[in-house]
């Protein structure tokens with residue numbers, strides 16, 4: 001008896017499933033791609049693979065993308081505009097030349113200044 005497609009998908013790793021989901025989401029003529037923590041449950045190698053694939057697909061098909069992530073590293077590496085939320089509000093919105101010059105340490109400092117307090121190491125994932 002032939003295996004059903006969802007039975008085959010169940011055999012894939014988490015990274016392979018995310019890659020498949022990305023391909024399926026962009027297979028048509030998507031104008032906007034919404035990504036909600038799409039690498040959160042993946043090991044670092046699988047997360048790198050999925051982010052590389054995501055970046056390639058988004059660039060090739062010029063898809064506007066909104067990526068929700070707790071990884072400030074991913075936000076810096078892949079985001080053209082960074083909107084930082086904290087306790088339900090926007091505390092930082094940077095793009096353009098300002099965004100291009102921001103480093104991870106700058107981003108943490110900007111957060112601290114906007115919020116007015118220091119962060120514990122585990123409050124934001126540096127990834």
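The values are calculated or read from the model by the stated rules, or taken from the named source; none is laboratory data. What you see is a predicted model, and the numbers here were worked out from it, not measured in a lab. Cβ placement follows ideal geometry from the backbone for every residue including glycine, while neighbour counts extend to all protein chains displayed.
Where helices (runs of 4 or more DSSP H) fall wholly inside segment 1-69, the ranges with 3 or more residues that are at pLDDT below 70 are 5-9, 14-26.
Taking the criterion of being touching a strand residue (DSSP E or B) at 6+ places or on another chain (Cβ under 7 Å) and at pLDDT 85 or above, the residues of segment 93-114 that qualify are 93, 94, 95, 99, 102.
The single condition among (1) assigned to a strand (DSSP E or B); (2) assigned by TED's automatic domain parsing to the domain that holds residue 21; (3) surrounded by fewer than 13 Cβ atoms within 10 Å (Cβ to Cβ) that residue 93 does not meet is (2). Could you check segment 54-70 and list, in sequence order, the residues that are farther than 17 Å from residue 24 by Cβ, more than 12 Å from the chain's Cα centre (by Cα) and touching a residue at least 12 places away in the same chain (Cβ under 8 Å)? Passing the criteria: only 64. Looking across 83, 94, one residue alone is touching a residue at least 12 places away in the same chain (Cβ under 8 Å) and farther than 17 Å from residue 22 by Cβ. It is 94. Taken over segment 71-88, the residue count meeting the criterion of being assigned to a loop (DSSP other than H, G, I, E, B) and either within 13 Å of residue 107 (Cα to Cα) or in contact with a helix residue (DSSP H, G or I) (Cβ under 8 Å, 6 or more places away or on another chain) (or both) is 2. Once segment 42-53 is narrowed to residues that are out of contact with any helix residue (DSSP H, G or I) (no Cβ under 6 Å at 6 or more places or on another chain) and in contact (Cβ under 8 Å) with a residue 12 or more places away in the chain, the residue that is surrounded by the most Cβ atoms within 10 Å (Cβ to Cβ) is 51.
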